[in-house]
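Take a look at the structure set out below.
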């Protein structure tokens, strides 16, 4: 397959939410002509202002593109925008490439690849990690599953969006790798939030505590990047709680199919269901802090 270049390749983008808008923006900045679709057109307006062309359906996006990227919410959204009657595959021609960057089901990635292949279209699953900051700063980790030649042809686009880009294997391998990532985050966030709750109750200055523990063996991406937000009481989403619950559900289902017992992940899933039940489903994953404080009979207010 021919390698993508801004001069020869037209891209399409489906989904312009917290991360998708920044990711597509980087491709436009790199010189790619883009056609975009989002369920809420106003969310795509900044990209249109940068020169992107609006399309009314995912199918229309594909009809005007060589490579179509998607990053939406849930597996049923992926199925609709890629495999539906007005989906991207319906508008694709032989030689086109579909790249789904949603965190979704490995089995669905394999299904999409199979249906795409019947039309002479390549399909890549390429979920990402790094949150809103990683998307804005083009420092995402991109985990890729799919045909090697198709992946190679899209690599320049991945380079514009991410810093750590690894081809993990055939269709579905990218999604399986993202499940590993989410399992790590689930249990890691419990540790971050419990530790900060402990520090606060002990009367410590949370910012100086972060200085002491953040650079040692206890350090982590979540502690460094989300710890300060927790301390400031800023629970705006870099990644939605409700989407994280979806991811953990996928990982638990895959684990069950492989006869794996993952009690830490199961605990994380239950705690995040509590976060959602308390009305914080549209906050960031670090809103776990609010639910843990509530379990201890208090509200999270680090200023008191």
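The values are calculated or read from the model by the stated rules, or taken from the named source; none is laboratory data. Only a predicted model underlies this, so the values are computations on that prediction, with no experimental measurement involved. Glycine gets a Cβ as well: all are built from the backbone with ideal geometry, and neighbour counts include every protein chain shown.
Each row is one residue, and each column tells you yes or no for (1) more than 22 Å from residue 129 (Cβ to Cβ); (2) buried (at least 22 other Cβ atoms within 10 Å of the Cβ).
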{"residue": "37", "(1), (2)": "yes, yes"}
{"residue": "67", "(1), (2)": "no, yes"}
{"residue": "77", "(1), (2)": "no, no"}
{"residue": "80", "(1), (2)": "yes, no"}
{"residue": "85", "(1), (2)": "yes, no"}
{"residue": "88", "(1), (2)": "yes, yes"}
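Could you list all residues from segment 192-208 that are under 28 Å from the mean Cα position of the chain (by Cα) and free of Cβ contacts under 8 Å to residues at least 40 places away in the same chain? Passing the criteria: only 195.
Filtered by the rule that a residue be under 21 Å from residue 9 (Cα atoms) and surrounded by fewer than 18 Cβ atoms within 10 Å (Cβ to Cβ), segment 39-55 gives 48, 49, 50, 51, 53, 54. Condition check: touching a residue at least 60 places away in the same chain (Cβ under 8 Å), part of a helix (DSSP H, G or I) and assigned by TED's automatic domain parsing to the domain that holds residue 287. Does residue 226 satisfy that? Criteria met by residue 226. Out of curiosity, is residue 134 assigned by TED's automatic domain parsing to the domain that holds residue 18, out of contact with any helix residue (DSSP H, G or I) (no Cβ under 8 Å at 6 or more places or on another chain) and either crowded, with 19+ Cβ neighbours inside 10 Å or within 19 Å of residue 103 (Cβ to Cβ) (or both)? Criteria met by residue 134.
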